[in-house]
Amino acid sequence: MMSQAIAIFGAIQVELLLFGAFWFLVGAIDDLCIDVAWVGIQLSRRFRTPRIDFLRDGHDNGQDGPMAIFVPVWAESAVIGAMLQNCLISWKDSPRPHYIYVGYYPNDPASLGVIMDVAKNASHVRPVLIDHDGPTTKADSLNSLWAAMVEDESAAGCKSKAVILHDAEDAVHPDELAIFDQLIGEYAAVQLPVIPIRTQGSLWVSGHYCDEFAESHGKTMIVREALGAALPLAGVGCAIERITLGRIAAQNGGKPFDESSLTEDYELGLRIGAQGGRTKMARLIGRDGRLVGTRSCFPETLSASVRQKSRWLTGIAFAGWDRLGWHGGFAQKWMLLHDRRSIFAALVIFLAYAGIASFLLGQFFAAENFFLSQPMPPILSSLLLVNSLFLFWRLGVRVAFVASVYGPAEALLSIPRVVVANLIAILSARRAFVTYLRHCFGAPLRWDKTDHIVVPVIPRGAR
């Protein structure tokens, strides 16, 4: 009986390790292809990130009109005041007129009070009352801001040049509007890098966002653009051409933002690309020597991070599959597969960890002479060796990208943070799967808003 149990335990251990090792290899090859494509792109650019001076002064692509910045707000009294003040200071010398539309709900008086305190001394901050209680969805709030902008355009007799999206916790860069002013018209949508700022009390959870965005917005988005695939928008630090957004609104009853989507920003970028609009990842060094992008603090607790990432996974990997399908050429389909592999990747990680745990348990029992350990099959040994080499490569790539944005200290921390990121991925995938399974049986997909408590202060000398 004991020998039979040992045989079953050994077989399960080998199968878990084989399953994990095979799919890790598939994922590693996928990542390596993106790495190689990025290296080829950078060789053509001589590994230089262009400065904002690379843009041509005074080039407006023949489009007039102000910039319209949309900031949806629900229960953001702790951050919205600092965010708006930062915008006013950062953009005070912008030559392009701009108006900040801030959407608030009638049952959120705390946020309203803060918004009004800023607006009374800034005529280009436009508070917009949403005509129903909140919270609803971000897309619902954005559609209300769109309606307010269209009303203002009718009164002024002039349409906006672009709509820029930001969240209430964002810290903007002074050169942001200049970049959008230069590129909108040539491109239908422009995305700046998102640059997470790690909170002091969250070395691991908050910090793992730094690692992921440094690689995603420093490499993957660059490759997507170069291959001709449409870029998903991040919902912050992105600008959409007014004409393009108006065309989408006309196709959807006057509402450009899809209120039934959990990831309307991600889908919007892909829909713009599907309609023939060019999308651009604008990665430039500003006049202050820093990378131009949107800096913000991300969730600092495990539970908050899992809630946020499960919403992303539900909207991208599950609902996005239903809503967007697999349209486009080879590059577009490859990038969609890259986005949607997250749920399966989390399952692979979980089973691989289970296989490793069973292997270590087996080694312990063998050392205590409970039973003799079985030799590892040659194919499994080979797979583990190859995956080990890929793991070192993968960690090296991540360290390099994190170092390029945050410096060597954060780059070294990114190595142990991989374990934290994997744990969050597993928990988020489980939550997303349960949420979507309930949706398949009739439960509505609900917005699970992330709470924010701070707008990051960027220290002098920051990259």
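The values are calculated or read from the model by the stated rules, or taken from the named source; none is laboratory data. Everything quoted here is computed from the prediction, not taken from an experiment. For neighbour counting, all protein chains shown are included, and Cβ atoms are generated from backbone atoms with ideal geometry for every residue, glycine included. With ligands, DNA and RNA removed, areas are computed over all heavy atoms of the protein, side chains included. Shrake-Rupley method; radii C 1.70, N 1.55, O 1.52, S 1.80 Å.
Before moving on, here are some points about what is shown:
- Surface share of carbon and sulfur [accessible, 1.4 angstrom probe, percent] for the chain: 63
- Applying a threshold of 31 Å to the alpha-carbon distances of K92/K138; K92/K333; K161/K219; K120/K309; K159/K219 flags K92/K333; K120/K309; K159/K219 as lying beyond it.
- Convex hull projection area averaged over all views, segment 54-180, Cα basis, nm²: 7.9
- Projecting the Cα atoms of P375, S296, T199 onto the charge dipole of the chain, computed from C-beta unit charges around the Cα centre, puts P375 farthest toward the positive end.
- Percent of beta bridges antiparallel (DSSP, the chain, rounded to nearest 5): 30
- Only Cα pairs under 8 Å and 6+ residues apart enter the sum, and on that basis the relative contact order of segment 230-314 stands at 33 percent.
- With a Förster radius of 25 Å applied to the C-beta separation of R287 and L32, the computed FRET efficiency comes to 0.10.
- Normalised contact order of the chain, rounded percent, pairs of Cα under 8 Å and 6 or more residues apart: 22
- Contour minus Cα-Cα distance for D133 and L384 (0.36 nm per residue): 84.9 nm
- Cα convex hull of segment 118-241, projected area averaged across orientations, nm²: 10.5
- Nonlocal amide H pairs with I100, under 5 Å, H built at 1.01 Å: I69, V125, R126
- Among V114, S77, I89 the positive-end extreme of the charge dipole of segment 72-134 (Cβ point charges): I89
- Solvent exposure of the chain amounts to 47 Å² per residue of accessible area, where only protein heavy atoms count and the probe is 1.4 Å.
- Seen from every direction in turn and averaged, the convex hull around the alpha carbons of the chain projects onto 25.1 nm².
- Between H439 and L227, the FRET efficiency estimated from the beta carbon spacing at R0 = 25 angstrom works out to 0.20.
- Subtracting the Cα-Cα distance of K92 and D53 from their residue separation scaled by 0.36 nm leaves 12.1 nm.
- Simple label model, 7 Å out from Cα along Cβ direction - S123 to L351, nm: 6.5
- Gain upon complete extension [K333, M376; 0.36 nm per residue less C-alpha separation]: 11.8 nm
- J(HN,Hα) series, segment 183-197, from Karplus relation 6.51 cos²θ - 1.76 cosθ + 1.60, nearest Hz, glycine and proline x: 9, 5, x, 6, 10, 7, 8, 10, 10, 8, x, 8, 10, x, 10
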